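Below is one structure, written out as structure tokens; the observations come after it.
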Amino acid sequence: DEEFDELCFEFGLELDEITSEKDIISKEKGEEKAKGASDVVLYKIDVPANRYDLLCMEGLVRGLQVFKERINLPRYEKIIPAEGEGQRLIITEQTAQVRPHAVAAVLRNITFTKDRYDSFIDLQEKLHQNICRKRALVAIGTHDLDTITGPFTYTAKAPSEIKFKPLNQSQEYTASQIMDLYRTDSHLRHYLPLIENKPRYPVIYDSNGVVLSMPPIINGDHTKITLNTRNVFIECTGTDITKAKIVLDIIVTMFSEYCEKPFTVEAVEVVYPNGKTHIYPELAYRTEKVKPEYINKKVGISETPSSLAKLLTRMCLKSHVTGNGNHLEVEIPPTRADIIHACDIVEDAAIAYGYNNIQMLIPKTYTIANQLPLNKLAELLRLDLAAAGFTEALTFALCSQEDIADKLRTDISATNAVRIANPKTAEFQVARTTLIPGLLKTIAANRKMPLPLKLFEISDIVVKDPNTDVGARNYRHLCAIYYNKSPGFEIIHGLLDRVMQVLEVPPNEENGYTIKAAEGTAFFPGRCAEVFAKGQSIGKLGVVHPDVITKFELTMPCSVLEINIEPFV
């Protein structure tokens, strides 16, 4: 296990944990439910999101074997059948409104075992979640070719016109009934919104009118793959042709090793609505030229061109030195869609060299770090507020709309708050525009504590601002609250004076601070004042309105101070 963990790390992966089905179930659901589950050891391996070729056992083992130099990287080959013998997939123009693209391939004379079959299904599921964006961009369908006859037609029809027996069901349904059937299915219900409001649903037929699949929802039962399947027809339909090609390439390269002629794939001709044809899978190899010194400089090593070529070859990027040793020619296989730029090649060279083997150096630029002035000021103020007998609280930056509007007796439109587009909970709908609700909620949660409760918080609030590049702006606020049997306005006023004293701001109008009577919706009438400093209004202090207190489920009076500290930096 230690050796394997080490190998994963060297290859740029992380062995997350070593567990078993039984362990997982007992952790999640308790010992009782885990009875009878399998004890087989499972490795949980974290794979980077861009390495689609490592998402199944076959690809991972192949990648590690090449890395260990036990095997050479296989050459993936597409076989184009003789004229008139190959399979064709005809796309009709009706698909343009729903899922316009389709690609296909055939794996001939493949031998499945239980494990290989499970891995085959599992890879499709992982791709669906990952690059296919939950089937929105691409949906994969795999079929037993011997149960159907080409050419195949990819079209779109009205839901009532589509009728077939879905996978693992016992009777035929129309497309509309299928949608109702899977509305309660924990796995498939998430994909229904992709097409359910469209006037036509995508569907693939063979030449006898047998339904292969209704992407992206479900395959037909007729073409179901079993362990005895010898020839597999693979189709990927989608809204993004580039992703569809990558997905098809990954599936055929991973599982063509089980074909009679390993690593060969039979091509399929796809006919577009405009009459043009294209052969898939593309299985495109391409070469990139990289300078060895570019790699050495970026990684911070000094390897010879030939040893860099060897390192890259171990990472499935077959490389050799050209042009008097001042260039590396790197061949990018169809499995490596993540190699987009020279820097991706540099990264792989660094992984093969071993991050732990790169010499640590002191950076050439010599600078002394400095604390951000605003943070420095906030830290200094925290100490003085604590010394004044107040306890620091840290509350969430997100809150509900009620917290900053209704509960503070104001309208949400007046708050200028930034909203979350699709909030997960009612508690986190908007970014806070004031620190008061957070502290009132903290007091509500600590009502059992002995009085008085004196809390403060120095944190950011967020308001919309059309003049900034992101459309919003943060302000660092200081908020303090005093909760007792009497409102204690004088205590909060005293705290303001102390804060100004440590900031060395004198109590006068010219160049100091003043307070003037004001009104605020959250404050008791006649018990609210506005604080002015540096010639601008920086906040308010006062006794909280009884309605606000009851809305936060409190019973005693309290007074509060909230000011913006940024002018004092």
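The values are calculated or read from the model by the stated rules, or taken from the named source; none is laboratory data. All values reported here derive from a predicted model rather than from experimental measurement. Reconstructed Cβ throughout: ideal geometry from the backbone, glycine too, with neighbour counts over all protein chains shown. The accessibility values were calculated without ligands, DNA or RNA, using every heavy atom of the protein model including side chains. Shrake-Rupley method; radii C 1.70, N 1.55, O 1.52, S 1.80 Å.
Details
Quick grid of which residues meet (1) open to solvent by less than 60 Å² (accessible area, probe 1.4 Å); (2) modelled with pLDDT of 95 or more; (3) outside the structural domain of residue 520 (by the TED database); (4) of a type in the set (Asp, Glu):
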| site | (1), (2), (3), (4) |
| --- | --- |
| 448 | no, no, no, no |
| 465 | yes, no, no, yes |
| 470 | no, no, no, no |
| 484 | yes, no, no, no |
| 488 | yes, no, no, no |
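- Some residue of the stretch 228-235 being open to solvent by 40 Å² or more (accessible area, probe 1.4 Å) and assigned to a loop (DSSP other than H, G, I, E, B): yes
- Filter result for residue 105 (under 23 Å from residue 206 (Cα atoms) and open to solvent by 20 Å² or more (accessible area, probe 1.4 Å)): no
Let's see how each residue does on (1) charged (D, E, K, R); (2) buried (at least 19 other Cβ atoms within 10 Å of the Cβ); (3) part of a strand (DSSP E or B); (4) not assigned by the TED database to the domain that holds residue 406:
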site: 527; (1), (2), (3), (4): yes, no, yes, no
site: 537; (1), (2), (3), (4): no, no, yes, no
site: 550; (1), (2), (3), (4): no, no, no, no
site: 553; (1), (2), (3), (4): yes, no, no, no
site: 556; (1), (2), (3), (4): no, no, no, no
site: 559; (1), (2), (3), (4): no, yes, yes, no
site: 562; (1), (2), (3), (4): yes, yes, yes, no
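- Considering the stretch 45-150, the qualifying strands (runs of 3 or more DSSP E), each wholly inside and each with 3 or more residues that are of a type outside the set (A, V, I, L, M, F, W, C) and within 22 Å of residue 267 (Cα to Cα), run over 138-144.
- The residue list 193, 199 contains one member that is in a helix (DSSP H, G or I) and surrounded by fewer than 24 Cβ atoms within 10 Å (Cβ to Cβ), which is 193.
- Residue pairs whose Cβ atoms lie under 6 Å apart, sitting 6 or more positions apart in sequence or on different chains, and linking a residue in the stretch 226-237 that is not assigned by the TED database to the domain that holds residue 267 to a partner that is assigned to a strand (DSSP E or B), do not occur here.
- Qualifying residue in the stretch 212-224 (condition: outside any strand (DSSP E or B) and of a type in the set (Ser, Thr, Tyr)): yes
- Failed criterion for residue 224 (all others in (1) open to solvent by 60 Å² or more (accessible area, probe 1.4 Å); (2) at positive phi hold): (2)
- Identity of the residue in the stretch 325-349, among the hydrophobic types (A, V, I, L, M, F, W, C) and crowded, with 20+ Cβ neighbours inside 10 Å, that ends up farthest from residue 292 (Cα to Cα): 337
- Qualifying residue in the stretch 345-363 (condition: among the charged types (D, E, K, R), under 23 Å from residue 462 (Cα atoms) and modelled with pLDDT of 90 or more): no
- Number of residues in the stretch 460-505 that are out of contact with any helix residue (DSSP H, G or I) (no Cβ under 8 Å at 6 or more places or on another chain) and in a loop (DSSP other than H, G, I, E, B) equals 13.
- In the stretch 172-187, the residues that are hydrophobic (A, V, I, L, M, F, W, C) and surrounded by fewer than 18 Cβ atoms within 10 Å (Cβ to Cβ): 181
- When we screen 395, 433 for residues that are closer than 24 Å to residue 519 by Cα, open to solvent by 20 Å² or more (accessible area, probe 1.4 Å) and assigned to a loop (DSSP other than H, G, I, E, B), the only hit is 433.
- When we screen 410, 395 for residues that are β-branched (Val, Ile, Thr) and over 32 Å from the mean Cα position of the chain (by Cα), the only hit is 410.
- The requirement of being at positive phi and loosely packed, with under 12 Cβ neighbours inside 10 Å is not satisfied by residue 83.
- Some residue of the stretch 295-316 being in a helix (DSSP H, G or I), more than 30 Å from residue 78 (Cβ to Cβ) and charged (D, E, K, R): yes
- Every test in (1) without any contact (Cβ under 8 Å) to a residue 40 or more places away in the chain; (2) closer than 17 Å to residue 147 by Cα; (3) open to solvent by less than 40 Å² (accessible area, probe 1.4 Å) is passed by residue 209 save one, and that test is (3).
- Scan the stretch 24-44 for residues that are under 27 Å from the mean Cα position of the chain (by Cα) and assigned to a helix (DSSP H, G or I) and the total you get is 5.
- Some residue of the stretch 72-79 being of a type in the set (D, E, K, R) and under 30 Å from residue 203 (Cβ atoms): yes
- Note on the stretch 236-265: residues that are under 29 Å from residue 201 (Cβ atoms) and either over 35 Å from the mean Cα position of the chain (by Cα) or outside any strand (DSSP E or B) (or both) amount to 15.
- Checked against the criterion of being at pLDDT 85 or above, among the basic types (Lys, Arg) and open to solvent by less than 70 Å² (accessible area, probe 1.4 Å), the stretch 28-44 has no qualifying residue.
- Taken over the stretch 2-22, the criterion of being open to solvent by less than 70 Å² (accessible area, probe 1.4 Å), closer than 29 Å to residue 34 by Cβ, under 21 Å from the mean Cα position of the chain (by Cα) and at pLDDT below 90 is satisfied by 15 alone.
- Condition met for residue 368 (in contact with a strand residue (DSSP E or B) (Cβ under 8 Å, 6 or more places away or on another chain) and outside any helix (DSSP H, G or I)): no
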